[in-house]
Structures are given as C-alpha cells and as structure tokens.
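**Student:** Quick one: structure below, then a few questions.
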Amino acid sequence: MARQFSLARWAVPVLTAAVLAACGGSDDNTMRWSGVVNFGDSLSDVGSYRVGTVAALGGGKYTINGATGLNWTEHLAQRLSVAAPCAAQTGLLPNIPGLVGAAVTNVPGCYNYAQGSARVSSPLGPHSVALQAAPFYASTLGVTAVPVQTQMANHLSRTGGSFAGTELVTVMAGANDLFMHLKAVAAASQGGTTAVGAALAAGWDQSAQTAVATGGASAVSAATAAAVQGMTQAGAALATLVREQVLAKGAQYVLVANVPDVATTPLALSYDAATRQLITTMAMAFNAQLQAGLTGTPVVQADLFAQSRAQVADPVRFGLTNITAPACSTNPALNPLNGTALVCTAYSTVAANTDGYLYADDVHLSPRGYRLMSDYIIERLEVAGWL
C-alpha cells in the first residue's frame with residue numbers, strides 16, 4: 001500500500017507424511033522450495049524504487065530502512081531457506097523538481113514483482129507516474145505502480161507461460177485501491193473537475209462521475225456507494241487473477257493475504273469516525289469478495305484484517321509500545337519526502353529507540369510490524385502443512 005480462512009488443510013500434513021514415508025522421504029517432513037514469487041504492493045516491495053534520490057537517502061523499502069529493516073517477504077525467504085527476494089523491476093520517474101529518478105529496468109533472476117502504490121488492475125495508484133499524464137497532469141514521485149494483473153503477466157512472459165509448481169507464490173494487494181477510492185470520496189463534496197478527476201482516477205463509471213460533479217451531500221452519498229462497490233469489484237478481480245493467472249498456470253503453493261483494517265493506521269486515526277468506518281467497510285467488502293472467490297481452491301489465505309485488529313486490541317501481547325504514531329520523522333531536514341517510510345532510516349526516526357512502534361509512517365509497518373506479519377503468515381503455512 002502507498003500512504004482483511006478449512007478442515008481439508010488439516011489433512012495435508014497427515015497425507016504428506018504418509019506419502020513421504022512410503023517413498024522413504026525426509027524425516028523432517030518439510031517442503032523443499034525452489035524459491036518465492038511475490039506479487040503485490042508496498043508491503044511486499046523490496047526495492048523497486050531504490051534508485052536516484054531514494055537510494056541517495058538510504059531508502060528503498062517502505063519501513064525503517066537499514067540492515068535490520070526487513071519486510072515480511074524477506075523474513076519468509078529466510079524461513080524457507082531460499083534466496084532473498086530481489087525486485088524484478090526497478091525505476092522511478094518523478095516530475096517534481098529536485099528529485100532524481102532512473103529508467104525502468106527489468107532485473108533478470110529476480111521474482112519479487114511487488115511495487116509500492118500498485119493496485120489490483122489499474123496503474124493509477126497513489127503517487128504513480130500514470131497520474132502525470134492527461135487528464136490528471138499531477139506532480140508525483142513517479143512510482144511505476146505496475147498493477148498486480150500486469151505483474152503476473154510479466155512473470156508468465158518470463159517463464160514460458162507457467163509456474164514450476166515448486167515455488168511459493170504470495171499475493172498481497174488491495175490497499176491502494178482503497179486509498180484511491182477514499183481520495184475520491186473526500187473530493188466529492190466540492191464537486192467540479194477536481195471531484196470528477198478523482199472519480200476517474202479511482203476507476204468509477206460515468207454515472208458516478210456525473211453524480212460527484214454537482215458536489216454537496218448527494219455527491220458524497222454517491223461517492224461512498226461507488227467506493228464500496230469499487231472495492232467489492234477489486235476483491236473479486238484479485239480472486240479471479242489468482243485462479244486464472246496463478247493456479248491455472250501451474251502454481252501449487254499459493255498464499256493470499258487480505259487487506260488489513262486500514263482504519264487502525266495513524267493515517268486513519270487523523271480522520272473522523274464516519275471516515276474510519278467507511279475505510280473499514282471498504283476493506284471488509286474487498287476481503288469478502290476475495291475470500292468468496294478463493295473458496296474451494298488450495299490457496300492458503302492469511303487474514304491480515306483480523307491480525308491487525310488483534311495487534312491494536314492487545315499491543316503488549318505482540319511486544320508493541322506504540323500503535324498510534326509513526327516512527328519516522330516528518331521533519332524535512334531528516335525526511336525530505338514528507339515522512340514517507342520509503343526514505344526513512346534509523347537516522348530519521350522520532351526517537352533513538354523505536355523498536356516497539358508498529359508503524360514506520362502513517363500506513364506502512366515498522367521492522368517489528370513486518371516481523372509480526374511474517375510470523376503470522378509462517379504460522380498459516382505451518383497449519384497448512386507446508387512448513
């Protein structure tokens with residue numbers, strides 16, 4: 001993100017043990033993975049934008065960057081004893097004076113396709129290069145924000161159209177769709193071209209664009225309905241992509257995570273109660289469709305929505321001391337990109353020791369937050385009998 005699963009699974013360890021025993025297999029009963037393929041957004045991004053100004057500032061990942069600033073995909077790779085994930089594509093195309101980017105480059109041998117600001121199907125993510133073009137003409141950081149749909153297509157084009165079946169495939173997306181819908185709802189009350197432009201960027205249809213153009217309470221009502229519908233469609237779309245572009249292409253081991261409750265983030269805590277409720281409603285709409293669309297498949301689903309709520313409800317249990325404020329400073333002298341975790345390091349935090357902070361910036365996790373996420377996901381894989 002840029003700025004929420006079957007009795008059959010319990011049979012897997014037993015069946016695996018029986019098969020291995022019959023074949024004289026390994027005593028430890030564990031999988032031997034060929035690697036990991038990651039699709040998603042900033043929560044899984046390991047350095048797509050570590051170029052130019054971002055690299056010069058010591059950044060590149062959406063956390064507190066540094067030797068201990070691993071995200072969950074890196075922790076997972078360590079647990080699987082496979083090569084550390086590396087960004088399948090790098091580059092940054094800013095149109096903001098003073099920021100230096102770099103040409104988009106595909107990196108052979110790297111299979112983490114996740115990119116900050118990526119949405120499920122649309123390239124119009126927060127801060128994306130796509131927003132620099134007509135009709136938006138926005139000044140942005142110029143992140144490529146390749147959508148998950150295209151990420152999957154890019155991988156298949158590299159591998160002859162199929163997965164090997166021995167890799168673990170992870171999918172985590174949807175939050176940036178939520179942010180784009182939320183921005184459009186916020187713009188609806190004023191109406192006019194700003195509201196219409198935000199609706200277009202969110203992906204709303206012509207009727208919704210017309211409704212928000214007038215502004216006022218009726219526009220906000222129409223926008224709210226369009227936002228929830230948009231998230232419903234995005235959740236269904238992601239489930240379809242997993243079925244048709246991952247499972248149907250030979251992947252045998254697939255982990256899909258839903259959208260956390262973004263209403264618990266520092267960003268959302270700055271909003272009023274009605275807006276926070278809308279955020280939760282959008283996340284739940286997305287997650288319900290994602291879960292429904294994957295029911296009956298062999299996918300392991302990770303309920304990050306429930307996990308995020310559990311951490312906020314009982315922070316001490318998770319070793320957390322601060323769940324409401326970002327660890328990264330917004331002081332321009334320390335972080336010239338408005339406090340974003342993308343360029344946050346140990347030298348630009350609000351305190352010398354931020355180990356107990358859940359969030360790096362207003363929406364992205366701290367290293368501890370990512371460790372908690374990886375621990376939970378590894379637990380889900382263990383329950384499935386894959387570890």
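The values are calculated or read from the model by the stated rules, or taken from the named source; none is laboratory data. Every value quoted in this text rests on a predicted model; they were computed, and no experiment measured them. For neighbour counting, all protein chains shown are included, and Cβ atoms are generated from backbone atoms with ideal geometry for every residue, glycine included.
**Student:** Quick one: in segment 197-226, of everything that is among the hydroxyl-bearing types (Ser, Thr, Tyr) and in a helix (DSSP H, G or I), which residue is surrounded by the fewest Cβ atoms within 10 Å (Cβ to Cβ)? Full working, then the answer.
**Tutor:** Step one: filter segment 197-226 for residues among the hydroxyl-bearing types (Ser, Thr, Tyr), giving 207, 210, 214, 218, 221, 224.
Those still in the list that are in a helix (DSSP H, G or I) too: 207, 210, 218, 221, 224.
Numbers: Ser207: 9, Thr210: 14, Ser218: 14, Ser221: 14, Thr224: 18.
The qualifying residue surrounded by the fewest Cβ atoms within 10 Å (Cβ to Cβ) is Ser207.
**Student:** What residue, of Gln301, Gln291, is modelled with pLDDT of 95 or more, within 16 Å of the chain's Cα centre (by Cα) and within 24 Å of Gly235 (Cα to Cα)?
**Tutor:** Working: Gln291 fails: within 16 Å of the chain's Cα centre (by Cα).
From the options Gln301, Gln291, the qualifying one is Gln301.
**Student:** Restricting to segment 122-157, give me the number of residues that are aliphatic (A, V, I, L, M) and assigned to a loop (DSSP other than H, G, I, E, B).
**Tutor:** Pass one, segment 122-157, residues aliphatic (A, V, I, L, M): 124, 129-131, 133-134, 138, 141, 143, 145-146, 148, 152-153, 156.
Those left that are additionally assigned to a loop (DSSP other than H, G, I, E, B): 124, 133-134, 138, 141, 145-146.
Count: 7.
**Student:** Among Ala327, Ala360, Ala351, which is the only one that is of a type outside the set (Asp, Glu) and within 20 Å of Gln115 (Cβ to Cβ)? Outline the logic, then answer.
**Tutor:** Values: Ala327 fails: within 20 Å of Gln115 (Cβ to Cβ); Ala351 fails: within 20 Å of Gln115 (Cβ to Cβ).
On inspection, the qualifying residue turns out to be Ala360.
**Student:** Of the numbered conditions (1) at pLDDT 95 or above; (2) more than 20 Å from the chain's Cα centre (by Cα), Leu387 satisfies every one except a single condition; which is it?
**Tutor:** (1)
**Student:** How many residues does segment 46-61 hold that are surrounded by fewer than 22 Cβ atoms within 10 Å (Cβ to Cβ) and not in a loop (DSSP other than H, G, I, E, B)?
**Tutor:** Matching residues across segment 46-61 total 4.
**Student:** Tell me which residues, restricted to segment 113-156, are closer than 19 Å to Ala88 by Cα and of a type in the set (A, V, I, L, M).
**Tutor:** Ala114, Ala118, Val120, Val129, Val143, Ala145, Val146, Val148, Met152, Ala153, Leu156
**Student:** Continuing with the same structure: Does at least one position in segment 184-196 carry a residue that is surrounded by fewer than 22 Cβ atoms within 10 Å (Cβ to Cβ), part of a helix (DSSP H, G or I) and at positive phi?
**Tutor:** So far as segment 184-196 goes, yes, one or more of its residues are surrounded by fewer than 22 Cβ atoms within 10 Å (Cβ to Cβ), part of a helix (DSSP H, G or I) and at positive phi.
**Student:** Which members of segment 70-93 meet the condition of being surrounded by 22 or more Cβ atoms within 10 Å (Cβ to Cβ) and part of a loop (DSSP other than H, G, I, E, B)?
**Tutor:** Within segment 70-93, Asn71, Pro85, Ala88 qualify.
**Student:** From the list Thr324, Thr340, exactly one residue is under 21 Å from the mean Cα position of the chain (by Cα), of a type in the set (Val, Ile, Thr) and loosely packed, with under 15 Cβ neighbours inside 10 Å. Which is it?
**Tutor:** Details: Thr340 fails: loosely packed, with under 15 Cβ neighbours inside 10 Å.
The unique qualifying residue is Thr324.
Here is a yes/no grid of residues against (1) of a type in the set (Asp, Glu); (2) at pLDDT below 50; (3) crowded, with 22+ Cβ neighbours inside 10 Å:
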| residue | (1), (2), (3) |
| --- | --- |
| Arg9 | no, yes, no |
| Thr30 | no, no, no |
| Trp33 | no, no, no |
| Asn38 | no, no, yes |
| Thr63 | no, no, yes |
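**Student:** Tell me, yes or no, whether segment 208-222 has at least one residue that is closer than 30 Å to Ala251 by Cβ and either at pLDDT 95 or above or not hydroxyl-bearing (Ser, Thr, Tyr) (or both).
**Tutor:** Checking segment 208-222: not a single residue is closer than 30 Å to Ala251 by Cβ and either at pLDDT 95 or above or not hydroxyl-bearing (Ser, Thr, Tyr) (or both).
**Student:** Out of everything in segment 165-180 that is within 14 Å of the chain's Cα centre (by Cα) and assigned to a strand (DSSP E or B), what residue ends up being farthest from Gly230 (Cα to Cα)? Reasoning before the result, please.
**Tutor:** Applying the first criterion (within 14 Å of the chain's Cα centre (by Cα)) to segment 165-180 yields 170-180.
Those still in the list that are assigned to a strand (DSSP E or B) too: 170-172.
Numbers: Thr170: 23, Val171: 19, Met172: 17 Å.
Among those that are within 14 Å of the chain's Cα centre (by Cα) and assigned to a strand (DSSP E or B), it is Thr170.
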